[in-house]
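To start, the structure under review is shown below, and the notes come after it.
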Amino acid sequence: MSILVNRNTRVICQGFTGKQGTFHSEAALAYGTKLVGGVTPGRGGQQHLGLPVFDTVREAVRATGATASMIYVPAAGAADSILEAVDAGIELAVCITEGVPVNDMVRVRAVLAGSATRLVGPNCPGVITPEECKIGIMPGFIHKKGSVGIVSRSGTLTYEAVFQTTHIGLGQSTCVGIGGDPVRGMNFVDVLELFERDPRTEGIILVGEIGGSDEEAAAHYIRRFVAKPVVAYVAGVTAPAGKRMGHAGAIVAGGKGTAADKYAAFEAAGVRTVKSPAELGTAMNELLRQRRSRARRGAPARAPARRPASAGAKALEAARPARRAVAGPKSRPAAARRFPARKAARTPQGPTRGRRR
C-alpha cells in the first residue's frame, strides 16, 4: 500500500504544453507515472508527448478516467485551475505553482471544504511513491521504496531526508511536500493520519519551518493518535523576527511561530527532535531499530508520551498532603474505619473484657 498515489494512479497535467508542464511531464513518464493526457485550453484535440490534449479537465477526466492532476499553471491562473479540477471530480490535485495570491487560496480553501478533492500545495515539490508514481518536481533517482514516510514544508529539506533514508537503507513509503504557503491544501495532520494507517510506513520524518502553528497542531495530534516513531526537524532557528525566510509562510510575527516553540511542542509529545537536518536519517534508523527490538520482545511498539500536567492538576497534587494532615483519623483505610479495633478497658485490677461494672 501507499498513500495518495501508486502505480495505478491515472494522472493528467494542467498546463501540459507549457515549458514547465512539458519538462516535468517528460520526467514523470520516464519515472513510470501513468500520465494519460493533459489540459491546455484552446489546444484540445492535439497530441503532445504522444498523449492527448484537452481543452478542459472535465473532458480529460471523461476520456481518460484520470483521478489525479498535477498543475503547472502560472500564479495568476493557478487557483482557477485548482477549482476546475475540483469541479471535474479529481481526487488529488497537486499544485506546484509558487506565488499564488493568498486571497485566491482563501477562496479555494472554502470550496475544498465542501468537496472530496485533496489538494497538495501550492508552492510544493509534490508527491512521490518511490518506484511507482511521481507527481511534481522531486528528483526521482534519489528515492527508494522502503518504510519511512516523509512529510515536509520545505522542498529542499525533503530531498535531504529522502537522500539520507535511501543512503542508510531504509527507503521511503511515500514522500509528501505540503508546501510553505500560509494558506494551502493538506497540512501535517492530514498526512500524519494517512501515514499512521498505512501498513508499509513504519516511521515518519516531519520537517517543519518557522511561522504559523501547523507544527504545534501536528505535535498535539502525534501525542494523541500516532503510535509510530516520529523524527522532527524545524528549520529557521536563527531567523530574525518579522523577516520572511524563503516561503511566504515562514515568518515569525508577533512572537508566534518560533522554532523554539515548535521544538518544545514536539518534545512534549514524545517526538524525537534533531537540531540538524543531517541527523534525520540516523535518528530514524535508531528509532526503528528500537521499535523492532521491542516487537521481538513482545513489548509495545511505542510507549505513549507522558502528557504534561495542567496547572489545575499541579495545584490539586500540591494540596493533597495538606488535606491529609487536616483529615486526621479519617485518612485511615476504609476497612479500619468500618471495623475499628476493640480496645480493652482498664480497671485498677488490670485489663478486663467488656464494660466496667
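The values are calculated or read from the model by the stated rules, or taken from the named source; none is laboratory data. Every value quoted in this text rests on a predicted model; they were computed, and no experiment measured them. Counting neighbours? That spans all protein chains shown, and the Cβs are built from the backbone with ideal geometry, glycine included. Heads up: the accessible areas ignore ligands, DNA and RNA and are worked out on the full protein's heavy atoms, side chains in. Shrake-Rupley method; radii C 1.70, N 1.55, O 1.52, S 1.80 Å.
Some points to look at:
- Any hit, segment 223-243, residues being more than 30 Å from Q290 (Cα to Cα) and modelled with pLDDT of 85 or more: no
- From the list L4, L29, L35, the one residue that fits, being in a helix (DSSP H, G or I) and among the aliphatic types (A, V, I, L, M), is L29.
- G21 being at pLDDT 95 or above, open to solvent by 20 Å² or more (accessible area, probe 1.4 Å), farther than 17 Å from R184 by Cβ and more than 23 Å from the chain's Cα centre (by Cα): no
- Residue in segment 39-48 that is surrounded by 22 or more Cβ atoms within 10 Å (Cβ to Cβ) and either under 25 Å from L192 (Cα atoms) or in contact with a Phe, Trp or Tyr (Cβ under 9 Å, 6 or more places away or on another chain) (or both) present: yes
- Subset of segment 55-68 (residues that are open to solvent by 30 Å² or more (accessible area, probe 1.4 Å) and not charged (D, E, K, R)): T56, V61, A63, G65, T67
- Number of residues in segment 47-71 that are part of a loop (DSSP other than H, G, I, E, B) and free of Cβ contacts under 8 Å to residues at least 24 places away in the same chain: the value is 2.
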